[in-house]
1. Residues in segment 167-185 that are among the polar types (S, T, N, Q) and either more than 24 Å from Ile17 (Cα to Cα) or outside any loop (DSSP other than H, G, I, E, B) (or both): how many?
2. What's the total number of residues in segment 224-238 that are surrounded by 22 or more Cβ atoms within 10 Å (Cβ to Cβ) and farther than 22 Å from Ile61 by Cβ?
3. I need the full set of residues from segment 134-191 which are polar (S, T, N, Q) and within 21 Å of Tyr209 (Cα to Cα), in order please.
4. Can you tell me which of Leu212, Leu188, Leu164 is under 23 Å from Ile61 (Cα atoms) and part of a helix (DSSP H, G or I)?
5. Take the residues in segment 144-155 that are surrounded by fewer than 18 Cβ atoms within 10 Å (Cβ to Cβ) and of a type outside the set (A, V, I, L, M), then tell me which one is nearest to the chain's Cα centre (by Cα).
6. Could you please find all residues in segment 182-202 being within 18 Å of the chain's Cα centre (by Cα) and either surrounded by 19 or more Cβ atoms within 10 Å (Cβ to Cβ) or modelled with pLDDT of 95 or more (or both)?
7. Residue check, Asp109 against (1) modelled with pLDDT of 95 or more; (2) surrounded by 14 or more Cβ atoms within 10 Å (Cβ to Cβ), all met but one. Which one?
8. Does Ala260 count as surrounded by fewer than 21 Cβ atoms within 10 Å (Cβ to Cβ) and assigned to a helix (DSSP H, G or I)?
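The values are calculated or read from the model by the stated rules, or taken from the named source; none is laboratory data. Since this is a predicted model, take the numbers as computed values, not measurements. Reconstructed Cβ throughout: ideal geometry from the backbone, glycine too, with neighbour counts over all protein chains shown.
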Amino acid sequence: MKALFGEELWKQLPEIIDFHMHPFSCREENIASYYGPMWEPNEVPADLARAGIHRFAGSVIQRLDGTSFDPIRAMNDHALELRDRFSGAYYPGLSIHPNFVEESCRELDRIKANGLKLVGELVPYMMAWDQYASPAAIEIFRHAEELGLVISCHPTYAEDMEKLAQACPHLTIVYAHPGNFGDWTAQLDRVKKYPNVYVDISGTGLFRYGMLRYAAGQVSTERMLFGTDYPICDPLMQVAGVLYEDLPEADMERIFSGNAKRLLGLD
């Protein structure tokens, strides 16, 4: 695998932290489109390490109907268990749900009590909700704002994302998935308008050559984080997409790990 880039280049890679992936404890929580022999929970760290990724963050998720908070709490339990199982390689992101404001706020308190800062990635369409800026969701996010937490969001629609950024101006919000050209430019416009908004480069978008250099010319790379959306997406393709853009070393370091360390308080 290392021969793909050459041994010397591999040795020179900066530290890579995957800010956006989804570990799993069972098949129901494995959101990969294809299954194979690598899809055992304990093999996740070694699989990501093949792409040069040795630390990773994100939420345990599965498709839910939004009628009970119990499966959400169970997914959060699994995330904390995986943190212990992976010996510090994994930084958990816990989930909330606007149908359950009190329960969600208790989960935010649990994040803080565990010395963590990350909520999500939240994926509304998989968990039967659709607005970040609904009154119930804003009540939860304002509590997250008070606790100094970081929210990782799967984007919904432009008006909704704008309203969240406006309603919680001191909440650190990371919007995932660049998407295609129009989606990415709209995300960058939000970064320009709101100092609390960041973007991660996971999922669709990075395969469009020049995307990162364009973004670096529009906003500071201090507001961009590396992510893979593993196991949906191939992690090495994401790493290679950053390397091939030939960014200045300082920009590459910020995207690959520096910004994640700063937002999550990592060494």
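1. Restricting attention to segment 167-185, the residues satisfying the condition of being among the polar types (S, T, N, Q) are 172, 180, 185.
Next, from what is left, pick out any that are either more than 24 Å from Ile17 (Cα to Cα) or outside any loop (DSSP other than H, G, I, E, B) (or both): 172, 185.
So the count comes out to 2.
2. Start the filter on segment 224-238 by keeping residues that are surrounded by 22 or more Cβ atoms within 10 Å (Cβ to Cβ), which leaves 224-231, 235, 238.
From the residues that got through so far, the ones that are farther than 22 Å from Ile61 by Cβ too are 224.
Here the count works out to 1.
3. Asn180, Thr185, Gln187
4. None of the others qualify; the one that does is Leu164.
5. So in segment 144-155, the residues surrounded by fewer than 18 Cβ atoms within 10 Å (Cβ to Cβ) come out as 146-148.
If we keep only those that are of a type outside the set (A, V, I, L, M) too, we end up with 146, 148.
Values: Glu146: 21, Gly148: 17 Å.
Only one residue fits best here, namely Gly148.
6. Trp184, Gln187, Leu188, Arg190, Val191, Asn196, Val197, Tyr198, Val199, Asp200, Ile201, Ser202
7. (2)
8. no
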